[in-house]
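Quick one: this structure, given as structure tokens, is what I'll be asking you about.
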Amino acid sequence: MKYLYNFCLLLVGVLVAFSPTDVPAGIVGKLNGVVADATGAPLPGANVVIQGTRRGATTDTEGYFLILSVEPGRYKLEASMVGYTAATKQDVVVRADFTTTVDFNLAEAALQAEELVVIAERPPVEPDRTFSRYVVDAEDLENVPLARTLDEVIALQPGVSGRQPPHPGQQQCVYGRLKRYLCGD
């Protein structure tokens, strides 16, 4: 009898030692699906959120989303994207070790925005520039009494000099600091 007791104890010990203990029981589920527009075309970049939690996903280029490690229970899902009305699915049941599939179809929505007025002004100093530039517009040309041609206006700019060609038909050049930067006939 003592041998039978020892044999049973040894058998139980071997079974416990070599039993698969790395197989955990599933305690969470998954949500997946596709977000598409009214025609069935996938919507990449749409957001799918589990309401009341901080869990959600963004769809890939095929409109597919996947949310992992969702606790079992009933949830409310919302899919949204700019330019489309948000869609909601209620009572989505998530079970442990199962994948629940939820698909959404979003309808296009007209975006309404208030009037936007943009006023651009050139700053007096551009710190990222390594060169100087002087812009002359039509109003500036009209206000210069000493210049009648474009060459005369350019010659009046600071740091610029012009050279008249010695012979007719040669190019006329305008020079800045150490560099010829404009030549023309």
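The values are calculated or read from the model by the stated rules, or taken from the named source; none is laboratory data. On a predicted model such as this, the values are computed, not experimentally measured, just so you know. Neighbour counts run over all protein chains shown; Cβ positions are idealised from the backbone, glycine included.
Within segment 83-131, which residues are out of contact with any Asp or Glu (no Cβ under 8 Å at 6 or more places or on another chain) and of a type in the set (Phe, Trp, Tyr)?
Across segment 83-131, the qualifying residues are PHE98, PHE104, PHE131.
Same structure, new question: Which of the following residues is farther than 30 Å from VAL35 by Cα, at pLDDT 75 or above and loosely packed, with under 15 Cβ neighbours inside 10 Å: GLU126, GLU121, GLU62, GLU108?
Details: GLU126 fails: at pLDDT 75 or above; GLU62 fails: farther than 30 Å from VAL35 by Cα; GLU108 fails: farther than 30 Å from VAL35 by Cα.
That would be GLU121, the only listed residue that is farther than 30 Å from VAL35 by Cα, at pLDDT 75 or above and loosely packed, with under 15 Cβ neighbours inside 10 Å.
What do you reckon, is GLU115 over 26 Å from ALA38 (Cα atoms) and exposed (fewer than 15 other Cβ atoms within 10 Å of the Cβ)? Steps first, please.
On the way: over 26 Å from ALA38 (Cα atoms): yes; exposed (fewer than 15 other Cβ atoms within 10 Å of the Cβ): yes.
Considered against the rule, which asks whether it is over 26 Å from ALA38 (Cα atoms) and exposed (fewer than 15 other Cβ atoms within 10 Å of the Cβ), GLU115 comes out as yes.
Please specify each residue of segment 45-59 satisfying the condition of being of a type in the set (Gly, Ala, Ser) and loosely packed, with under 13 Cβ neighbours inside 10 Å.
At the first step, the residues of segment 45-59 found to be of a type in the set (Gly, Ala, Ser) are 45-46, 52, 56-57.
Scanning segment 45-59 gives GLY45, GLY52.
What are the pairs, 6+ residues apart or on separate chains, where a residue within segment 87-101 that is farther than 9 Å from LEU31 by Cα and in contact (Cβ under 8 Å) with a residue 40 or more places away in the chain has its Cβ under 6 Å from a residue that is exposed (fewer than 12 other Cβ atoms within 10 Å of the Cβ) and of a type in the set (Gly, Ala, Ser)?
ALA96/GLY26; ASP97/GLY26
Provide a single number: the residues in segment 48-74 that are touching an Asp or Glu at 6+ places or on another chain (Cβ under 8 Å), part of a strand (DSSP E or B) and either among the polar types (S, T, N, Q) or in contact (Cβ under 8 Å) with a residue 40 or more places away in the chain (or both). Talk me through it step by step, then tell me what you get.
As a first pass, look at segment 48-74 and keep what is touching an Asp or Glu at 6+ places or on another chain (Cβ under 8 Å): 48-49, 51, 74.
Pick out the ones that are also part of a strand (DSSP E or B) and you get 48-49, 74.
Filter once more, keeping what is either among the polar types (S, T, N, Q) or in contact (Cβ under 8 Å) with a residue 40 or more places away in the chain (or both): 48.
Residues in segment 48-74 being touching an Asp or Glu at 6+ places or on another chain (Cβ under 8 Å), part of a strand (DSSP E or B) and either among the polar types (S, T, N, Q) or in contact (Cβ under 8 Å) with a residue 40 or more places away in the chain (or both): 1 in total.
Let me ask something additional. Can you tell me which of THR39, THR59 is under 23 Å from ASP97 (Cα atoms) and of a type outside the set (A, V, I, L, M, F, W, C)?
Working: THR39 fails: under 23 Å from ASP97 (Cα atoms).
Checking each option against the conditions leaves just THR59.
Conditions: (1) in contact with a Lys or Arg (Cβ under 9 Å, 6 or more places away or on another chain); (2) surrounded by 13 or more Cβ atoms within 10 Å (Cβ to Cβ); (3) under 21 Å from ALA36 (Cβ atoms). ALA86 meets all but one. Number of the miss?
Condition not satisfied by ALA86: (1).
Read through the list (1) at pLDDT 70 or above; (2) over 30 Å from GLY29 (Cα atoms); (3) out of contact with any helix residue (DSSP H, G or I) (no Cβ under 8 Å at 6 or more places or on another chain), then give the number of the only condition that ALA147 fails.
(3)
Residues of segment 102-112 being of a type outside the set (Asp, Glu), part of a loop (DSSP other than H, G, I, E, B) and either in contact (Cβ under 8 Å) with a residue 24 or more places away in the chain or within 14 Å of ALA79 (Cβ to Cβ) (or both), which ones?
First, pick out the residues of segment 102-112 that are of a type outside the set (Asp, Glu): 102, 104-107, 109-112.
If we keep only those that are part of a loop (DSSP other than H, G, I, E, B) as well, we get 102, 107, 109-112.
VAL102, ALA107, ALA109, LEU111 - these are the residues of segment 102-112 that are of a type outside the set (Asp, Glu), part of a loop (DSSP other than H, G, I, E, B) and either in contact (Cβ under 8 Å) with a residue 24 or more places away in the chain or within 14 Å of ALA79 (Cβ to Cβ) (or both).
Right, next: Every residue in segment 78-101 that is within 15 Å of PRO44 (Cα to Cα) and assigned to a strand (DSSP E or B), please.
Those that are within 15 Å of PRO44 (Cα to Cα) and assigned to a strand (DSSP E or B): ALA79, SER80, TYR84.
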